[in-house]
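The values are calculated or read from the model by the stated rules, or taken from the named source; none is laboratory data. Since the model is a prediction, treat every value here as computed from it, not as a measurement. Neighbour counts are summed over all protein chains in view; Cβ atoms, including those assigned to glycine, are modelled from backbone coordinates with ideal geometry. Accessible surface is based on the protein model in full, side chains and every heavy atom, while ligands, DNA and RNA are left aside. Shrake-Rupley method; radii C 1.70, N 1.55, O 1.52, S 1.80 Å.
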Amino acid sequence: MTIQPKALALSLSVAFAGLAFDVGAAELPEGTVVSAENIEQIRNDTFEGKTIASLLTEKMEWRIKNNGWKLPLYKSKEIPLDPSWVKASQANAGKTKINAETCQVDGWGAGAPFPNIDMKDPQAAEKVIWNWHLGQLTGDVAIVPYYTQVLIDGAKGVHAEPVAEFTRYAMKGRLAGEAVEGDGTERGRQLLYFKSPADMKGLGTYTVQYDSTKFNDVWAYIPAVRRVRRLSGGAWMDPVGSSDQLQDDLEIFNARPCWYPGYKMVGKRWVLAVANGKNPLWNRSGTSFEEKYPVLENKPPYWNMNNDRFEPREVYVIEATTPSEHPYSKKILYVDVKYPRIYYGETYNRKGEFWKFMEFHSYVGKAEDGFRDVRTTGGAVIDFQRNHATVSLIDAATWRTNIAGVSAKDFSLQTLQAAGR
């Protein structure tokens, strides 16, 4: 075959253009901050061999360019998975199965129910979500005595800073002692109550999560009237107080997987995320904005968690279809490939328009019994349609996991009422 001169010249020009591009690209040093000021100049440069452009989703890049988000680059570090969790997860291989009728994973005892995800499996996306729901590295009991929900107006700044205590207690999938506590119907219990400000003090909720088709039982305690009110089964889709998040948005996805009608595995990719984050991100004794919230930038839109360690992480990209009565039409989730952790979420309204962006930061902690748990340092749920955000920040120094002597009887409706009084 004879190559025509014009075709040869065109091929050579394309080849040389590519060569020039490769020569011009650079491996960025740790500490480089990706921002609106430099993103166009460095998008084709690499970090750990991956281009900056390839490490940013469409909405991440949009936030950087239009919303003041800044991402300091840090070398990725392996997450040390707790040996007891790894052993329990591996024991599930080939033995577990999603039972759509009972809304359960048959054969699951503890750990991640599906330790080996096959991308060709039509249930791959749903299995990743079940791993998140049942197999998080949170320990048998986690108590967070102090966390704040900072409510932020994107133009005016912080306008509320309520402080609460939160407890999560596992009734199934326990890794210390017996795997199941109680009669086996409950998956876990959650207790939340506010400590400040004065007009919210004592207000709280007690939640019983079931390992079945049954919706959560949720009770709210209202201290002003000293009464307990039982919430409806659809409360998992309701807003959390005056915040920007639904119950379903707590740590991005907080629903029983079968409550969503479908999941689609979009694929795998790499993103910049915080898996070995700084802590604490909140200083309770601080007086100024900068002292209290070292992770945030004190200028519009105020909610950007810029001062943390963003590293390359490989994630599953999953599209979750919501039930028809849900405020969202879908959620896009970015879930770590190596262990159950969701870094980012995008939600869309019923018209299919982009609505909220969620990001959560974490680090590996050590429980009182030596268990290696993954702890949230902070997270943001940003409502771009109303220019408002809720930034949740943890006082990491007070977090406790697997406390000796604690049992299910310590977390009940009576506990909520006592805390409220």
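Here are some notes:
- Test: residue in segment 111-128 that is out of contact with any Asp or Glu (no Cβ under 8 Å at 6 or more places or on another chain), within 30 Å of E161 (Cα to Cα) and not acidic (D, E): no
- Residues in segment 134-176 that are small (G, A, S) and under 18 Å from the mean Cα position of the chain (by Cα) were compared, and the one that is surrounded by the most Cβ atoms within 10 Å (Cβ to Cβ) is G139.
- Members of segment 192-218 that are within 22 Å of P257 (Cα to Cα), in a strand (DSSP E or B) and in contact with a helix residue (DSSP H, G or I) (Cβ under 6 Å, 6 or more places away or on another chain): Y206, V218
- Counting only strands (runs of 3 or more DSSP E) that fall entirely inside segment 344-421 and contain at least 2 residues that are within 24 Å of the chain's Cα centre (by Cα), among the charged types (D, E, K, R) and over 30 Å from G177 (Cα atoms), the qualifying elements are 354-366.
- Residue selected from segment 82-130 under the condition in a loop (DSSP other than H, G, I, E, B), open to solvent by less than 20 Å² (accessible area, probe 1.4 Å) and free of Cβ contacts under 8 Å to residues at least 40 places away in the same chain, by the criterion farthest from E178 (Cα to Cα): F114
- Count of segment 217-247 residues which are acidic (D, E) and either touching a residue at least 60 places away in the same chain (Cβ under 8 Å) or open to solvent by less than 50 Å² (accessible area, probe 1.4 Å) (or both): 2
- Matching residues in segment 198-209 - criterion: being open to solvent by 30 Å² or more (accessible area, probe 1.4 Å) and either within 24 Å of the chain's Cα centre (by Cα) or modelled with pLDDT of 95 or more (or both): T205
- Residues located in segment 376-388, provided they are in contact with a Lys or Arg (Cβ under 9 Å, 6 or more places away or on another chain) and buried (at least 22 other Cβ atoms within 10 Å of the Cβ): T377, V381, I382
- Residue match in segment 248-256 (condition: surrounded by 19 or more Cβ atoms within 10 Å (Cβ to Cβ), farther than 28 Å from H388 by Cα and modelled with pLDDT of 95 or more): no
- Within segment 398-421, the set of residues being surrounded by 11 or more Cβ atoms within 10 Å (Cβ to Cβ) and hydrophobic (A, V, I, L, M, F, W, C) comprises W399, I403, V406, A408, F411, L413, L416, A418, A419.
- Flag if P312 is modelled with pLDDT of 95 or more, in contact with a helix residue (DSSP H, G or I) (Cβ under 7 Å, 6 or more places away or on another chain) and farther than 30 Å from L81 by Cβ: no
For every residue, the table says whether it meets (1) open to solvent by less than 20 Å² (accessible area, probe 1.4 Å); (2) at positive phi; (3) of a type in the set (K, R).
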{"position": "W259", "(1), (2), (3)": "no, no, no"}
{"position": "A273", "(1), (2), (3)": "yes, no, no"}
{"position": "N279", "(1), (2), (3)": "no, no, no"}
{"position": "V315", "(1), (2), (3)": "yes, no, no"}
{"position": "K330", "(1), (2), (3)": "no, no, yes"}
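- Going through (1) farther than 26 Å from A389 by Cα; (2) in contact with a helix residue (DSSP H, G or I) (Cβ under 7 Å, 6 or more places away or on another chain); (3) part of a loop (DSSP other than H, G, I, E, B) one by one, Y169 falls short only on (3).
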